[in-house]
Amino acid sequence: MSRRPIIAGNWKMHKTIAEALALVQEIKEAAAGCDGVEVAVCPPFTALAPVVEALRGTDIAVGAQNVHWEDKGAYTGEISPVMLRDAGCRYVIIGHSERRQYFGETDENVNRKVKAVFAQGLTPIMCVGETLAEREAGVTEKVVRTQTEAGLAALTGEQVAGMVIAYEPVWAIGTGKTASDEDAQQVISFIRGIVAGLYGDSAAGRVRIQYGGSVKPENAAGLMAKPDIDGALVGGASLEAASFTGIIRAVVSSE
Ligand SMILES: O=C[C@H](O)COP(=O)(O)O
């Protein structure tokens, strides 16, 4: 089953609107012709609509970094799936470890958000991954299974097949430490097995599962050459056009 890799840049809390527009202009030029992979950028909320406008007519998709599960209501400071669709988003990152760690994101809320995003025709990028303490305690698979099963609860097989899961070991995020190609492949293959158990082989064969955690141009090709790794969720290296497009080109050439 061939799956088109997706390289998504998670800009986190970086970039003013002017900086965002300058970055996407450079990405647009440098990524032209990289048809073998899907490219997405996930700016902060304030830059979403201008970035969507700047990328109109290109194949580069835009995603948000978080969402509320209700379509509207008295939830001060929150942004709904309806608003993200209105702004022109295609993807929404849900359950990033920074949201779990700093903002109390729970598996239950991740699942609510995944369902709410699907209800608006958007595609979730659902993040799972273990901390260093959990890896050292030998419970990586247990943690990843719990997060994956809870996040995917009560979906349809077609929904799961169409979504993106990002495996991000927390200890590799922003630390410069990358999981080895083999370790990343092993956990991602394990996640695909969980999907197969829940939703069958067809969904498991189609769902795209990214790796995230200190991905750079130098390590992207090795990771992406692994059979179950379908792209990358890139943090720090997505903030500069040269490194982000370097990753895209490395992945295209490894296909
Ligand atoms: O969402 C992206 C990840 O948190 C990875 O961030 P990083 O590439 O800076 O390690």
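The values are calculated or read from the model by the stated rules, or taken from the named source; none is laboratory data. Everything quoted here is computed from the prediction, not taken from an experiment. Positions of Cβ are backbone-derived with ideal geometry, glycine not excepted, and every protein chain shown enters the neighbour counts. The accessibility values were calculated without ligands, DNA or RNA, using every heavy atom of the protein model including side chains. Shrake-Rupley method; radii C 1.70, N 1.55, O 1.52, S 1.80 Å.
Rounding to the nearest 20 debye, state how big the charge dipole of the chain is about its Cα centre with +1 on each Lys and Arg Cβ and -1 on each Asp and Glu Cβ.
The dipole of the chain has a size of about 280 debye.
Net charge within 14 Å of Asn219 by Cβ-Cβ distance, Lys/Arg positive one each and Asp/Glu negative one each, not counting Asn219 itself?
Charge balance in the 14 Å sphere: 0.
Using +1 at the C-beta of Lys and Arg and -1 at the C-beta of Asp and Glu, which of Ala232, Gly174, Ser202 has the Cα lying farthest in the positive direction of the dipole of the chain?
Selected residue: Ser202.
Ignoring ligands, DNA and RNA, what accessible area per residue does the chain give at 1.4 Å, in Å²?
Value for the chain: 42 Å² per residue.
Across region 120-255, what fraction of all alpha-carbon pairs, as a whole percent, falls in each successive 10 Å bin from zero upward?
In order of increasing distance, the bins hold 13, 44, 33, 10, 0 percent.
Running a GNM on the chain with Cα contacts under 10 Å, which residue among Ser238, Ser202, Ser97 ends up with the highest mean-square fluctuation?
Of the options given, Ser202 has the highest mean-square fluctuation.
Quick check on packing: order 228-234, 2-8 by the mean number of other C-beta atoms within 10 Å, highest mean leading.
Sorting 228-234, 2-8 by mean packing, highest first, produces 228-234, 2-8.
Quick check: Cα centre of region 138-189 to Cα centre of region 1-45, how many Å?
Computed from Cα coordinates, the inter-centre distance equals 22 Å.
Please give the contour-minus-distance gain from Met13 to Glu136: 0.36 nm per residue of separation, less the Cα-Cα distance, rounded to one decimal in nm.
Gain on stretching Met13 to Glu136: 41.3 nm.
Rank these residues by their accessible area, most exposed first, probe 1.4 Å: Glu19, Glu130.
The residues order as Glu19, Glu130, largest area first.
Count the net charge of all other residues whose Cβ sits under 12 Å from the Cβ of Leu198, scoring Lys and Arg as +1 and Asp and Glu as -1.
0
With each pseudo-label sitting 7 Å past Cα toward Cβ, what's the Ala30-Asp183 distance in nm, one decimal?
It is 2.7 nm.
Excluding ligands and nucleic acids, what accessible area in Å² is computed for Leu239 using a 1.4 Å probe, to the nearest 10?
Around 30 Å² of this residue is reachable by solvent.
In debye, nearest 20: dipole of region 1-138 around its Cα centre with unit charges on the Cβ of K, R (+) and D, E (-)?
220 debye
Please give the contour-minus-distance gain from Glu70 to Arg4: 0.36 nm per residue of separation, less the Cα-Cα distance, rounded to one decimal in nm.
Stretched fully, the Glu70-Arg4 segment lengthens by 20.7 nm.
Indicate the gyration tensor shape class of the chain (rounded, prolate or oblate), computed on the Cα atoms with a ≥ b ≥ c the square roots of the eigenvalues: a/c under 1.5 is rounded; otherwise a/b larger than b/c is prolate and the rest oblate.
Taking the square roots of the gyration eigenvalues as a ≥ b ≥ c, the chain is rounded.
Which aspartates and glutamates, on any chain, are close to Lys113 with Cα under 20 Å apart, when same-chain ones fewer than 8 places away are left out?
Glu70, Asp71, Glu78, Asp86, Glu98, Glu105, Glu149, Glu158, Glu168
With a 1.4 Å probe and every protein chain left in place, tell me how much accessible area Asp35 has, in Å² to the nearest 10.
110 Å²
Pop out the carbon and sulfur fraction of the accessible area of the chain as a percent, whole number, probe 1.4 Å.
52 percent
Towards the positive end of the charge dipole of region 1-120, with charges on Cβ (+1 Lys, Arg; -1 Asp, Glu), say which of Asn109, Ile17, Tyr75 has the farthest Cα.
Checking the options against the dipole of region 1-120, the answer is Asn109.
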